[in-house]
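Contents: one structure, followed by commentary.
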Amino acid sequence: MKIIEFYQDPEYFYIVTEYFNGGELFEKIISMKNFSERRAAQTIKQIMSAVNYCHQLKIVHRDLKPENILYESKKDDALLKVIDFGTSRYFDPSLPMKQKFGTVRLLYGTFLLNILSCSHIILHQKF
């Protein structure tokens with residue numbers, strides 16, 4: 001996600017970013033009649049590539065969920081973009097992360113577990 005402009009006043013920061021009109025990953029999955037295994041694998045690969053990029057920069061998102069993943073456009077082959085870094089932080093091994101962040105309905109579900117378990121396999125597949 002590109003930052004177009006940044007403003008600040010005594011109380012708030014304002015960040016203007018590029019516009020994505022493709023909608024949320026969550027909404028797309030719900031609206032599709034057929035979300036094939038191949039499409040799911042390509043989707044997870046894009047998400048894991050974004051997470052890997054952030055982790056290489058020592059950034060931890062801390063609220064990764066389908067609602068925070070947008071399609072760049074309405075095209076069938078549109079790229080995914082991770083958004084909402086409001087709870088993110090730089091990873092410093094000397095400072096443990098003790099706060100609990102995230103969406104309750106996903107924290108105890110299988111969503112994150114499934115992503116973590118398949119990420120290694122999918123990142124090394126060719127599509």
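The numbers here are math on the coordinates, done by the rules we state, and not lab data. The structure presented is a predicted model; accordingly, all values stated were derived computationally and were not measured. As a convention, Cβ positions derive from the backbone with ideal geometry for all residues, glycine included, and neighbour counts pool all protein chains shown.
Compute the distance in nm between two label points, each set 7 Å from the Cα along the Cα-to-Cβ direction, one at Met1 and one at Glu27.
In this crude label model, Met1 to Glu27 measures out at 1.5 nm.
Kindly flag which residue pairs out of Lys2/Lys28; Lys28/Lys65; Lys2/Lys98; Lys28/Lys58 have an alpha-carbon separation exceeding 25 Å in this structure.
Those over the limit are Lys2/Lys98; Lys28/Lys58.
Using DSSP to call loops (not H, G, I, E or B), can you name the GluC sites (Glu not before Pro) in the stretch 3-101 whose Cβ has at most 13 other Cβ atoms within 10 angstrom?
Glu11, Glu18
Multiplying the sequence separation of Asp84 and Met97 by 0.36 nm and subtracting their Cα-Cα distance, what value in nm do you get?
Full extension from Asp84 to Met97 adds 2.8 nm.
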